[in-house]
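Laboratory data are not the source of any read-out in this text; all were calculated from the coordinates shown. From a predicted model like this one, the values you see are computed outputs, not experimental measurements. Note that we place each Cβ from the backbone using ideal geometry, even for glycine, and neighbour counts take in every protein chain shown.
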Amino acid sequence: MEVIIQPDQEAASALAAALVARLVADKPDAVIGLCAGNTPLLLYRELISRHREEKLDFSRVTTFNLDEYVGIPPNHPASYGAFMQNHLLAGINVDPSRSHSPDGLADNILQSCELYEDLIKRSGGIDLQLLGIGVDGHLGFNEPSSSLASRTRIKTLTERTRSDNARPFGKKELVPRHVVTMGLGTILDARHCLLLAFGFGKASAVAKMVEGPVAAAVPASVLQLHPRVRVIIDEEAASQLRLADYYRAVYEGKPEWQAI
Ligand code: GLP
């Protein structure tokens, strides 16, 4: 796991955007997994401006959203489909037929989860999965106790996550109990993962993910098993890392041949 500590959210997001831009430039038909939440907002804004100002071309890119609420229509402002549309897709030139999301409204959700997995495979697999982290260490909507080998499926949210995600719904009682999320096994299949985390509120989850034991109780810790993960965080989110100075030294002394 490569931990990159940046002074603030702006610098971290700019670095993440540079990595995504490089992937898209090198592989115009890249497959990118997208995450929702406040964390990637600056990254998405930066990608939109690179598209507008530098003509970064997403026309052959395929996207897969990480997760979605069950029972919320795609035009509901709190749906992750709407989130992605509003905060990224409407501002870049991804072909809508290549943008995919788990279907939280399917009559047969189990079957639609299998189809989602098939679609990811048929698209050639995910080149880069973007991720945030929940304060309890969840990844996507893989709550603590999720199988480390899980695939796309329906999950029940913890009360904590329902409270944390209440804002766009108005109040916690309106947050669905059920969600569809790529599984931890699905995420591990991505060729690269890029996780962002900002603020003191994420510091404990980040420390457990990076330096704690691999455990279903902290789903993000499964990323320790992935060979190509970059964790880009601000100083606040890094504040509980025991080896922070080591991570800084590794990044600052990175040999040219290994440069980001
Ligand atoms: C949600 C999403 C996650 C996201 C997490 C953190 O539960 N399902 O994918 O990483 O919240 O959200 P935020 O970035 O708003 O802190």
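Given a 10 angstrom Cα cut-off, can you work out which residue in Asp234, Asp29, Asp107 is the most mobile in a GNM of the chain? Top of the fluctuation ranking is Asp107. Net charge dipole, the chain: roughly 240 debye, given to the nearest 20, about the Cα centre with Cβ charges of +1 for Lys and Arg and -1 for Asp and Glu. When you filter the trypsin sites (Lys or Arg not before Pro) in segment 24-87 for DSSP loop state and at most 13 other Cβ atoms inside 10 Å of their Cβ, you are left with Lys55.
Between Ser99 and Thr63, the built amide H atoms are under 5 Å apart, and every one of these is 5 or more places off in sequence or on another chain. For Met84, Met209, Met1, Met182, the sequence from fewest to most other C-beta atoms within 10 Å is Met1, Met84, Met209, Met182. Shape of segment 29-154 from the C-alpha gyration tensor: prolate (a/c of 1.5 or more and a/b above b/c, with a ≥ b ≥ c the square roots of its eigenvalues). Distance between the pseudo-spin-label points of Arg22 and Asp95 (7 Å out from Cα toward the beta carbon): 2.8 nm. Sparsely packed loop sites in segment 164-206 (the trypsin sites (Lys or Arg not before Pro) outside DSSP H, G, I, E and B with at most 11 other Cβ atoms within 10 Å) comprise Lys171. Of Phe141, Phe64, Phe200, which has the largest mean-square fluctuation in a 10 Å C-alpha GNM of the chain? Checking each option, the largest mean-square fluctuation is seen for Phe200.
Simple rule: put +1 on each Lys or Arg Cβ and -1 on each Asp or Glu Cβ in the chain, find the dipole, and look at Ala21, Ala217, Ile92; the Cα lying farthest toward the positive end is Ala217.
Counting only DSSP beta bridges with both residues in segment 2-226, the antiparallel share comes to about 45 percent.
Only aspartates and glutamates eight or more places from Lys208 in sequence, or on another chain, were considered; those with a Cα closer than 13 Å are Asp136. In sequence order, segment 151-161 has phi-based couplings of 10, 4, 6, 8, 9, 9, 6, 6, 5, 4, 5 Hz under the Karplus curve 6.51 cos²θ - 1.76 cosθ + 1.60, θ = phi - 60°, and Gly or Pro positions carry x. Electrostatic tally near Tyr247: other residues with Cβ closer than 14 Å to its Cβ, Lys and Arg +1, Asp and Glu -1, net -2. Over all pairs of different C-alpha atoms, segment 2-226 has a mean inverse distance whose reciprocal, the Kirkwood radius, equals 17.6 Å.
Proximity of backbone amide H atoms, modeled 1.01 Å from N, is registered between Ile4 and Val231, Ile232, Ile233 at under 5 Å, excluding neighbours fewer than 5 places apart on the same chain. In this simple spin-label approximation, Leu225 and Asp57 carry label points 7 Å from Cα along the Cα→Cβ vector, and these lie 3.9 nm apart. Using a cutoff of 8 angstrom between alpha carbon atoms and counting only pairs six or more residues apart, the relative contact order for the chain works out to 24 percent. Among the listed pairs Lys55/Lys254; Lys155/Lys202; Lys55/Lys202, those with a Cα-Cα distance over 28 Å are Lys55/Lys254; Lys55/Lys202.
Local charge for Met1 was computed over the other residues whose Cβ lies under 10 Å away, with Lys and Arg +1 and Asp and Glu -1, and equals 0.
Report the Cα centroid-to-centroid distance between segment 88-160 and segment 167-193 in angstrom, as an integer. Segment 88-160 and segment 167-193 have Cα centres separated by 7 Å.
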